[in-house]
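To start, the structure itself, in structure tokens.
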Amino acid sequence: MMSLDSPDGVLGFTCDLEATGTELTYLLGGTDSAAFTLSAATVTVTKQEAGSAVENPDMTVAQVADSTTASDMALTGLCPAIGQGWMFFMPAAADTQDADGVSEGVGMTKEEVTQLAAAVDAMAASDAAMASDFHWADQLQGCNDVVLDATVPMDCSFETASLVAYVAVLYCEDIDGNWYGSAAINEFTALDNGGQAFNMALTYATAIDVHTDNEVVLEVACAISVGLQVPSARVTDELGGFCGSPSPLVDAASAEEEATEEVADDTTEEAATEGDATEEAAAEDAARLLQDETTTDETTTDETTTDETTTDETTEEAAEPVQTAWVINMYVQPDPYATTYAVDDIIAVADTLADEIDAVTSADFGAATVVSTAVTEVACAFVSAPAATPDKTSYAIAGTTDVAGYVYCFGQNEGTAKPAAVTDDAAARLLQEEEATEEAATEGDATEEAATDETATEEEGHEDHDHEEGDGDHAMTEEEFMAAHTFVR
């Protein structure tokens, strides 16, 4: 591990004979050796006898307070014996855990550690690391150093972002090939750089809305980010959208309006149905109400005059004010990677961007008045934890927070819905009900046919009686006639 940056190193090997030498001699060779010179002809060697593995080593990882800032954290790692050590450092949010909840950064083999160190080196040499929005504070970082004294910890330094939580793990190998690793991850939090977000209130004399005119609002966000020379994601509208990336909440208002209209339509239909049912009852009450009103009219005539006067005065007082100003709120987030951050200095620049903003909005909305003020972020916690209420085709998520703001809800279906199994008893009951329904329908058809036949028979009987007097199967004799009629004189 000897290099220009690290002139000390450890060579571990097995000797057949007793090692008595105290120096190693450099050999400068190669086709281009003439271009190089040696600063020293020899290397001083200190012999160290091989030892056994250290039991339960104290592999302490500690922060060096005097050398740590909000953008850089200095750590030391204590290896149990001379050799070399590796330390890895990453955001706690990126740390993965196994099924037992143990960090996957713990318990790695030497092969895994060297592969991980090689991956960090490859990232440093990649094009991605050259991008303007690349920050090592967001990535896995590594440190490899030689250990010449078991009592002196190795030194490492890592980039950090303000107030972000990080984890670190240490691995060591001594000159005898014994392998050591941290029993658990070490947790650290970066220092605060004093960063504070601020609000830019843009006031217009023409109506402008963050939902309806969001495309224009985000163009303003683009202009502000360029004017402040900050990444576009750090300048957001009040919905959380930024230049080139509108917030999902932009369409939330229109979706809510559509849902409200659907509910209103359903309510109107129900009201119409109920109205038809109550028209008859209303008609019956009309006569009685008319009589009551006639009596009441005389009493209320004088009161009406007084009420009209009072109503006119109330109407004047309750008249809605005419809106003359519309405000669009933009928010600028602090730089989390800066060592220190003075929000007042950034606000001073923001207040000079009126021309850049007007270049976007003046044609349709006029000039804007820009007023910037620092805002204090507050922690947000759930008063009622989010819970889902399922329906046949959807589910609603509801919860409450202790402060006002926006909440993003995400849902996911797990598994595959399956119909409930039908038992033999249930199947038999359903079959019996179907057969009973069919029999009832058949009997109903038969009854209708019988009723039709009976009606036809009655009509035929009526026609048989519609004949002239005296018609019949035979003419009545005088005796039959006299027996059928009684005459009283």
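So here's what we get for this one:
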{"read-out": "Matching residues, region 75-103, being at negative phi and free of Cβ contacts under 8 Å to residues at least 24 places away in the same chain", "value": "T96, Q97, D98, A99, D100, V102"}
{"read-out": "Test: residue in region 15-31 that is touching a Ser or Thr at 6+ places or on another chain (Cβ under 6 Å) and modelled with pLDDT under 80", "value": "no"}
{"read-out": "Yes/no for D192 being at pLDDT 60 or above, loosely packed, with under 14 Cβ neighbours inside 10 Å and under 35 Å from the mean Cα position of the chain (by Cα)", "value": "yes"}
{"read-out": "Selection count where residues are farther than 18 Å from V113 by Cα and surrounded by 21 or more Cβ atoms within 10 Å (Cβ to Cβ), scope region 166-187", "value": "1"}
{"read-out": "Set A81, A34, A128: member being under 35 Å from the mean Cα position of the chain (by Cα) and more than 14 Å from V169 (Cβ to Cβ)", "value": "A128"}
{"read-out": "Residue selected from region 146-169 under the condition among the hydroxyl-bearing types (S, T, Y) and out of contact with any strand residue (DSSP E or B) (no Cβ under 9 Å at 6 or more places or on another chain), by the criterion farthest from A374 (Cα to Cα)", "value": "T151"}
{"read-out": "Candidate set from region 229-249 (those that are surrounded by fewer than 17 Cβ atoms within 10 Å (Cβ to Cβ) and part of a helix (DSSP H, G or I)); member that is modelled with the lowest pLDDT", "value": "P248"}
{"read-out": "Within region 117-140, considering residues that are in a loop (DSSP other than H, G, I, E, B) and of a type in the set (A, V, I, L, M), the one modelled with the lowest pLDDT", "value": "A131"}
{"read-out": "Qualifying residue in region 212-225 (condition: more than 20 Å from A368 (Cα to Cα), under 24 Å from the mean Cα position of the chain (by Cα), in the same structural domain as P336 (by TED's automatic domain parsing) and surrounded by 16 or more Cβ atoms within 10 Å (Cβ to Cβ))", "value": "no"}
{"read-out": "A81 over 20 Å from G177 (Cβ atoms) and in the same structural domain as W179 (by TED's automatic domain parsing)", "value": "no"}
{"read-out": "Condition broken by G405, with the remaining ones in (1) over 30 Å from E356 (Cα atoms); (2) among the small types (G, A, S); (3) under 15 Å from the mean Cα position of the chain (by Cα) satisfied", "value": "(1)"}
{"read-out": "Hits in region 141-165 (condition: among the charged types (D, E, K, R) and either farther than 19 Å from V113 by Cβ or buried (at least 20 other Cβ atoms within 10 Å of the Cβ) (or both))", "value": "D149, E159"}
{"read-out": "Qualifying position, being surrounded by fewer than 14 Cβ atoms within 10 Å (Cβ to Cβ) and either within 33 Å of the chain's Cα centre (by Cα) or assigned by TED's automatic domain parsing to the domain that holds G241 (or both), among A387, A354", "value": "A387"}
{"read-out": "Unique residue being assigned to a strand (DSSP E or B), under 30 Å from R234 (Cβ atoms) and touching a strand residue (DSSP E or B) at 6+ places or on another chain (Cβ under 7 Å) when the list is C143, C172", "value": "C143"}
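The values are calculated or read from the model by the stated rules, or taken from the named source; none is laboratory data. Source: prediction; values computed, not measured. For neighbour counting, all protein chains shown are included, and Cβ atoms are generated from backbone atoms with ideal geometry for every residue, glycine included.
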